[in-house]
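Sending over a structure as structure tokens; questions will come in a sec.
The values are calculated or read from the model by the stated rules, or taken from the named source; none is laboratory data. Source: prediction; values computed, not measured. Note that each Cβ is placed from the backbone with ideal geometry, even for glycine, and that neighbours are counted across all protein chains shown. Note: areas computed on protein heavy atoms with side chains; ligands, DNA, RNA excluded. Shrake-Rupley method; radii C 1.70, N 1.55, O 1.52, S 1.80 Å.
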Amino acid sequence: MRNTDKILLAGASGLVGSALKRRLDDDGLVNILCPSHAELDMSDNRAVADYFDVHKPVYVFLAAAKVGGILANNTYPADYIYENLMIQNAVIHQSYVHKVKKLLFLGSSCIYPKHCPQPMKEEDLLSGTLEPTNEPYAIAKISGIELCWAYNRQYGTRFIPVMPPNLFGPNDNFDLETSHVLPALLRKFHEARSANRKTVTVWGTGEPRREFLYVDDLADACLFLMNLEDTAVPYMDRPLFNIGTGEDISIRGLAEMIKDITGYQGEIVYDRTKPDGTPQKILNISKISNLGWRAGIPLQQGIRQTYKWFLKHKDYI
Ligand code: GDP
């Protein structure tokens, strides 16, 4: 990408989109399109077509999606499949129609089977049944991957799907009903400390293991992939890249770490009426590692930075 190339950041206000924006700004890219939801409804194919007609983006980062934690996915399954299918159909199709040079599609590690051998390799896609709590979301994302592959094969496009693990960082969703575990625990421990509460409730058994990636590392990997030579990506042969740290931690371990970072002194209790979800999710990252990329921000450091952001913004989010 050259500094003046027109880049569409679909989902620029979200966790991933805002990290990409920070990074593109830092790198001196000056022609970034960041339409707000009011400006452009990404799930409206006609509106997306008109937007592409007018603005003619050359590169697209597709980070617009309906995302949420285990409870939200389980409670609103229709919204998670419908909205994601509509967004990716519109943006991927219009990127083909308007001859976008490259598109990067953000997926999620929940596309892999519930009982996938760990760490999960790109080739494990569709090798088993999915985790029921987020199956509708996962099937939408798998369709997005297949869309990228099908357009690459049939029309010679350069669309790259990437699969991150559980992401976190500035601009995350801290709503306790709909958020993922890391921002939820940051908020719970912070509020319990402020209100001098004796206990903090963590959902499930604490046994599941998850991999967490600080979102600025994800942005770094996305740019790395976008800037790869064409010969380094097998566009005709189902390109897919896991992006992660290669390390996981139990929810119990994460809770202890966040307790420590927030300075909370009370007890942790586990609510076993809430679902655990997949027992373990850790990505095999050898493909992107072999190309020369690795994550740079350790988990503790990322959590500290996110906590700092939360403290600054908590009254407005
Ligand atoms: P998942 O990775 O798709 O399962 O999504 P989450 O990030 O929502 O949940 C990861 C794990 O953390 C699950 O086992 C949850 O039950 C557990 N967990 C513990 N406390 C919380 C909480 O307060 N919020 C959320 N979302 N998950 C929690």
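So, in the stretch 223-245, how many residues would count as being polar (S, T, N, Q) and surrounded by fewer than 16 Cβ atoms within 10 Å (Cβ to Cβ)?
2
Can you find even one residue in the stretch 247-259 that is more than 11 Å from the ligand (Cβ to nearest atom), at pLDDT 95 or above and small (Gly, Ala, Ser)?
Yes; the residues of the stretch 247-259 include at least one that is more than 11 Å from the ligand (Cβ to nearest atom), at pLDDT 95 or above and small (Gly, Ala, Ser).
Here is a check on your reading of the model: is Gly296 open to solvent by 40 Å² or more (accessible area, probe 1.4 Å), touching a strand residue (DSSP E or B) at 6+ places or on another chain (Cβ under 9 Å) and more than 16 Å from the ligand (Cβ to nearest atom)? Outline the logic, then answer.
Details: open to solvent by 40 Å² or more (accessible area, probe 1.4 Å): yes; touching a strand residue (DSSP E or B) at 6+ places or on another chain (Cβ under 9 Å): yes; more than 16 Å from the ligand (Cβ to nearest atom): yes.
Criteria met by Gly296.
Taking the residues in the stretch 53-74 that are in contact with a strand residue (DSSP E or B) (Cβ under 6 Å, 6 or more places away or on another chain) and open to solvent by 10 Å² or more (accessible area, probe 1.4 Å) as candidates, determine which candidate is farthest from the ligand (Cβ to nearest atom).
Filtering the stretch 53-74 for residues that are in contact with a strand residue (DSSP E or B) (Cβ under 6 Å, 6 or more places away or on another chain) and open to solvent by 10 Å² or more (accessible area, probe 1.4 Å), the one farthest from the ligand (Cβ to nearest atom) comes out as His55.
Shifting gears a bit: If we scan the stretch 166-176, do we find a residue that is within 26 Å of Met236 (Cβ to Cβ) and polar (S, T, N, Q)?
No, every residue in the stretch 166-176 fails to be within 26 Å of Met236 (Cβ to Cβ) and polar (S, T, N, Q).
Does Ala49 meet the test of being in contact (Cβ under 8 Å) with a residue 12 or more places away in the chain, touching a helix residue (DSSP H, G or I) at 6+ places or on another chain (Cβ under 6 Å), away from the ligand (no atom under 16 Å from the Cβ) and small (Gly, Ala, Ser)?
The answer is yes for Ala49.
Going by the conditions given, is Tyr270 of a type in the set (Phe, Trp, Tyr), within 15 Å of the ligand (Cβ to nearest atom) and assigned to a strand (DSSP E or B)? Give the steps one after another, and end with the answer.
On the way: of a type in the set (Phe, Trp, Tyr): yes; within 15 Å of the ligand (Cβ to nearest atom): yes; assigned to a strand (DSSP E or B): yes.
Judged against the criteria, Tyr270 is a match.
Please determine whether any residue of the stretch 250-261 is assigned to a loop (DSSP other than H, G, I, E, B) and open to solvent by 60 Å² or more (accessible area, probe 1.4 Å). So that I can check it myself, show each step before the final result.
Quick first cut of the stretch 250-261, residues assigned to a loop (DSSP other than H, G, I, E, B) only: none.
No, the stretch 250-261 contains no residue that is assigned to a loop (DSSP other than H, G, I, E, B) and open to solvent by 60 Å² or more (accessible area, probe 1.4 Å).
Can you tell me which residue among Lys287, Lys308 is within 22 Å of Asp172 (Cα to Cα) and modelled with pLDDT of 95 or more?
Only one candidate passes the filter, namely Lys308.
Continuing with the same structure: Condition test on Val91, is it open to solvent by less than 50 Å² (accessible area, probe 1.4 Å), touching a Lys or Arg at 6+ places or on another chain (Cβ under 8 Å) and touching a residue at least 12 places away in the same chain (Cβ under 8 Å)?
Numbers: open to solvent by less than 50 Å² (accessible area, probe 1.4 Å): yes; touching a Lys or Arg at 6+ places or on another chain (Cβ under 8 Å): no; touching a residue at least 12 places away in the same chain (Cβ under 8 Å): yes.
Spelling it out, it is not the case that Val91 is open to solvent by less than 50 Å² (accessible area, probe 1.4 Å), touching a Lys or Arg at 6+ places or on another chain (Cβ under 8 Å) and touching a residue at least 12 places away in the same chain (Cβ under 8 Å).
(1) more than 9 Å from the ligand (Cβ to nearest atom); (2) in contact with a helix residue (DSSP H, G or I) (Cβ under 8 Å, 6 or more places away or on another chain): which one isn't true of Glu207, the others all being true?
Single failed check for Glu207: (1).
So that you can scan it fast, the table gives a plain yes or no per residue for (1) in contact with a strand residue (DSSP E or B) (Cβ under 6 Å, 6 or more places away or on another chain); (2) among the polar types (S, T, N, Q):
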residue	(1), (2)
Arg252	no, no
Gln265	no, yes
Val269	yes, no
Leu291	no, no
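Being outside any loop (DSSP other than H, G, I, E, B) and near the ligand (Cβ under 9 Å from one of its atoms) is the filter here; which residues of the stretch 273-285 pass it?
Within the stretch 273-285, Lys281 is the sole residue that qualifies.
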